[in-house]
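The values are calculated or read from the model by the stated rules, or taken from the named source; none is laboratory data. What you see is a predicted model, and the numbers here were worked out from it, not measured in a lab. No Cβ is skipped: glycine too gets one built from the backbone with ideal geometry, and neighbour counts run over all protein chains shown. Quick note on the areas: whole protein, heavy atoms, side chains included, nothing else; ligands and nucleic acids left out. Shrake-Rupley method; radii C 1.70, N 1.55, O 1.52, S 1.80 Å.
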Amino acid sequence: MTHCRTVFSTAILVSTLLLSTVTIAQDRHFPLNHRQPTGMAGRWSLLTHPQKAGVLQPVEIQLPSAGHVTYFQGSPQNAVLTQSPSNVGMMVGHTYRVRISGMPEFPGAELYPTVEVLDRLHAPDGLAKSYPIPVEITADEIEIVLQDRMVTKVIYLEQPDLAAPFAQGERIRTEDLKVTENLLRAADERGRPMAILRIGGRIPDPNSPVDPFYSTSPIAIPQQ
């Protein structure tokens, strides 16, 4: 796991943009905004690039340290529990609901973020699983959500000529932008938006056996 992560960090630099809540007029029209309904950016990606339809992109979800990442396929009865860091295949253009729990830093906490996959990485033949989109959830972000606030992050692939001029290190570099920013536009200016992570306090309806809260998107979960 460490070796694959190191190769990814040095070959493909990825950064994230954090938290934005206010819409203002922009100097240049940009058709997408992270404040639009969840799933819209993914659908737009498939409409403008139909060749991405049906592509499974490896994604790695990493918690602050240890913990559980649970995936749902339409209902809580179809839950699959994995350990962090958790690697799965998610389809480009689709949105996935997951549950994070069992974190030693946050005893008893359960959160239900969504991951919206916008694009794919073009890894060398046969090495796609070694180059997942990294979706890191930090302790600071969980603290924010537990205070009844929402965190939105856009993960993007940096343009080489715009990459930060220093070593990335173990964690993905995070840039905290003003609340007036359009995160998708900011990510597009810096590189290629790959995924959107949204974390809030919403929880599923315990009385609904088939709750639309859970995602039904196709997913490839390796055997544990």
For this session: Might you check whether a residue that is in contact with a strand residue (DSSP E or B) (Cβ under 7 Å, 6 or more places away or on another chain), closer than 25 Å to residue 41 by Cβ and among the hydroxyl-bearing types (Ser, Thr, Tyr) occurs anywhere in region 74-83?
Result: no
Seminar exercise, completed: For region 99-113, the count of residues that are touching a residue at least 60 places away in the same chain (Cβ under 8 Å) and crowded, with 19+ Cβ neighbours inside 10 Å equals 3
Exercise. In the list 207, 182, which residue meets the criterion of being at pLDDT below 80 and of a type outside the set (Phe, Trp, Tyr)?
Worked result: 207
For this session: Select from region 124-153 the residues that are in contact with a Pro (Cβ under 8 Å, 6 or more places away or on another chain), outside any loop (DSSP other than H, G, I, E, B) and under 19 Å from residue 112 (Cβ atoms) and list them in ascending order.
Result: 139, 142
Exercise. Within region 1-22, is even one residue under 25 Å from residue 144 (Cβ atoms), at pLDDT below 95 and in contact with a His (Cβ under 9 Å, 6 or more places away or on another chain)?
Worked result: yes
Problem set entry | Residue count for region 58-74, restricted to those that are open to solvent by 10 Å² or more (accessible area, probe 1.4 Å) and assigned to a loop (DSSP other than H, G, I, E, B) | 5
